[in-house]
Amino acid sequence: MLVEGKPTRTIWLGDNGHTVEIIDQTRLPHEYIIVGLENLDDAARAIFDMLVRGAPLIGATAAYGMALAMREDATDAGLDNAYRVLYATRPTAVNLRWALDDLKAILSPLRADERQAAAYRRAVEIADEDVEICSSLGEHGRAIIEKIWTDKGKPERINILTHCNAGWLATVDWGTALAPIYKAHDAGIPVHVWVDETRPRNQGASLTCWELGQHGVPHTLIVDNVGGHLMQHGQVDMVITGTDRTTAAGDVCNKIGTYLKALAAADNNVPFYVGLPGPTIDWTIKDGVRDVPIEERDPGEVTRLPGLTDDGRIETVTISPKGSPAANYAFDVTPARLVTGLITERGVAEASEKGLAKLYPERA
Ligand code: MRU
């Protein structure tokens, strides 16, 4: 998508052919900084510290991380170590495991001296595939937006609510929840996006608003608890979110707070869609509430907030009394029964075992 009018991806190979370059998302929207990853440790830290985040981008970074690791140690021990270090970075987004398994299956049978080149080749391929998947998912989602808009008599604006950041910054390009929105906007459909700020890390406020603004998509930032009120007053035509892991039965794990939006949507007959690339489906589990590991992060993210001061400095302030404990659950699970449809690169699936199996017969 566009940054200052220039087509940009979130991760790419540097000119020297081995450094992996990323946008440091912890600095957005106030600073746009490119960081070079040189080794396994850099890649693991970039994921753990959330310089890169979003399920598909975590997967792509892990793939590049394996390639960087193969430059350092391409023995079997080096391969196992890279898998272990990267796998430990973040527990919920299943794209991480998917990418690591993929790379390990390709690299294991090769000789050590063949592994580095093969790992880079596959990492580049995974990144390119992600762009294709998200673009195609975007087309299917655009058709849904267009239908809702047309069925409502083509009003002056169609209001879509989204949570967290599931835009191009969360993928390699296009995004999942936002890909349909970009495609609809580009096709002349008058979309307007309600952006949940998404506490505690505020990915909606800092990332979604930034990327929608860069692409010229009309949007309004709201605090996390506004969605239900807007839905009661007919101000939301549909909800689209992303997902970090969707079970084979269609339960959707996504950023904390997604479940409450789905409940409010169901209560107000607002369609609730999820943008879902194939690699985000965990075919090994069905019951999301019971089986998806939910990341618990540093409580300091709840008690402290970074922001820009009026004189242009980035500062962090504390918002709660010293000594009050805080809990920081990063994700929750929306049961399949609350999901109107799963928008995938292969079309729109009913959120059920049958629905997903129909689109991915080879996996079911
Ligand atoms: O903690 P984050 O910022 O990695 O969480 C991201 C999300 O919850 C996204 O909605 C999800 O990864 C889908 S991204 C296309």
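The values are calculated or read from the model by the stated rules, or taken from the named source; none is laboratory data. All values reported here derive from a predicted model rather than from experimental measurement. Using ideal geometry, Cβ is built from the backbone for each residue, glycine included, and neighbour counts are taken over all protein chains shown. Ligands, DNA and RNA are excluded from the accessible area calculation, which covers all protein heavy atoms including side chains. Shrake-Rupley method; radii C 1.70, N 1.55, O 1.52, S 1.80 Å.
Counting only protein heavy atoms and a probe of 1.4 Å, the accessible surface of the chain is 51% carbon and sulfur. Axis of helix 95-107 versus longest Cα principal axis of the chain: the two differ by about 30°, to the nearest ten degrees. Extension gain for His18 to Gln232 (0.36 nm times residue separation, less C-alpha to C-alpha distance): 71.8 nm.
Every helix of 4 or more DSSP H residues in the chain counts as -39500 (n - 2.57), and over all residues that averages to -11500 deg cm²/dmol at 222 nm.
For the chain, the longest principal axis of the C-alpha atoms and the axis of helix 55-72 are separated by about 10°. Taking all Cα pairs closer than 8 Å and separated by 6 or more residues, the relative contact order of region 2-129 comes to 23 percent.
Among Ser352, Ala326, Gly54, whose Cα projects farthest towards the positive end of the dipole of the chain, with charges put on the beta-carbon of Lys, Arg (+1) and Asp, Glu (-1)? Comparing the listed Cα positions along the dipole, Ser352 ranks first. Using a/c under 1.5 as the rounded threshold, could you call region 169-255 rounded, prolate or oblate? The axes a ≥ b ≥ c are square roots of the C-alpha gyration tensor eigenvalues, and prolate needs a/b larger than b/c, oblate otherwise. Rounded, because the longest to shortest axis ratio a/c is under 1.5. Restricting attention to the chain, close to 55% of DSSP beta bridges with both partner residues there are antiparallel. Evaluated with a Cβ-only charge set (Lys, Arg +1; Asp, Glu -1), the chain carries a dipole of roughly 760 debye about its Cα centre, given to the nearest 20. Taking a straight Cα-Cα cut-off under 28 Å and skipping sequence neighbours fewer than 8 places away in the same chain, the lysines within cross-link reach of Lys154 are Lys183, Lys261. Just checking the listed ones, Tyr329, Tyr83, Tyr273: in the Gaussian network model of the chain with Cα springs under 10 Å, the one fluctuating most is Tyr329. Its residues counted as N, the chain yields a C-alpha radius of gyration over 2.2 N^0.38 Å of 0.96. Per residue, the chain exposes 42 Å² of solvent-accessible protein surface, assessed with a 1.4 angstrom probe and all protein chains in place. For the options Val270, Val193, Val239, a Gaussian network treatment of the chain with springs between C-alpha atoms closer than 10 Å singles out Val270 as fluctuating the most. A dipole drawn for the chain from +1 and -1 charges on Cβ atoms has a positive end, and of Asn202, Leu161, Val131 the residue lying farthest that way is Leu161. For region 126-184 versus region 206-235, the spacing of their alpha-carbon centroids is 14 Å.
Relative to the longest principal axis of the Cα atoms of the chain, the long axis of helix 76-87 lies at roughly 20 degrees. Protection proxy ranking of 170-180, 156-166, by the mean of other Cβ atoms within 10 Å over each peptide's residues and highest first, is 170-180, 156-166.
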